[in-house]
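Trainee: One structure is given below, represented as structure tokens, and several questions about it will come after.
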Amino acid sequence: MLTDDDKQWMLQQQTEQREHLRQEMKGQLNEQRESLLQRMDGLQEYLLQRLNEQQESLLQRMNGLQEHLLQRMDEQRDSLRQEMNGQREYLLERLEAVETRLLTEFHKWASPFEARQRTHAAALRAIDLEMEALQEKVKKIEEGRRPS
């Protein structure tokens with residue numbers, strides 16, 4: 001049978017072994033923690049490097065797309081300008097044709113009207129001359145009747 005001293009000694013041995021194991025495990029945990037921190041730092045650097053590379057690649061692709069889109073927009077703008085110039089010239093030609101037809105029709109209408117106007121003006125001048133002649137005759141007749 002075990003004595004109290006033996007039990008005491010065994011408890012002390014057990015406590016010392018536990019403390020030793022605790023210290024040993026604490027050391028191993030610290031080593032593993034340091035190892036994990038180093039690996040995480042390395043992984044962080046790797047990921048940052050990859051992220052920067054991807055960012056550069058995306059920026060280059062975006063710049064290329066931007067240049068391509070600007071070029072396409074310039075081409076479309078030039079194409080629209082040419083098309084609009086063609087339509088402008090077509091409209092100017094059509095307007096000129098309409099103006100020509102309008103002036104022709106106005107001239108066709110105005111020529112007989114002008115001729116009638118000249119005829120009426122000549123008739124009015126003739127009537128005016130006759131009126132003047134009649135006024136002269138009436139004046140002479142009236143002067144002849146008056147006592148002098």
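The values are calculated or read from the model by the stated rules, or taken from the named source; none is laboratory data. Source: prediction; values computed, not measured. Neighbour counts run over all protein chains shown; Cβ positions are idealised from the backbone, glycine included.
Trainee: Would it be correct to say that E83 is surrounded by 10 or more Cβ atoms within 10 Å (Cβ to Cβ), assigned to a helix (DSSP H, G or I), within 21 Å of the chain's Cα centre (by Cα) and modelled with pLDDT under 95?
Mentor: Considered against the rule, which asks whether it is surrounded by 10 or more Cβ atoms within 10 Å (Cβ to Cβ), assigned to a helix (DSSP H, G or I), within 21 Å of the chain's Cα centre (by Cα) and modelled with pLDDT under 95, E83 comes out as yes.
Trainee: What about E96, is it surrounded by 10 or more Cβ atoms within 10 Å (Cβ to Cβ), acidic (D, E) and without any contact (Cβ under 8 Å) to a residue 24 or more places away in the chain?
Mentor: yes
For every residue, the table says whether it meets (1) of a type in the set (S, T, N, Q); (2) surrounded by 10 or more Cβ atoms within 10 Å (Cβ to Cβ); (3) not in a helix (DSSP H, G or I).
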residue: M1; (1), (2), (3): no, no, yes
residue: M10; (1), (2), (3): no, yes, no
residue: E24; (1), (2), (3): no, yes, no
residue: Q28; (1), (2), (3): yes, yes, no
residue: R39; (1), (2), (3): no, yes, no
residue: E45; (1), (2), (3): no, yes, no
residue: L51; (1), (2), (3): no, yes, no
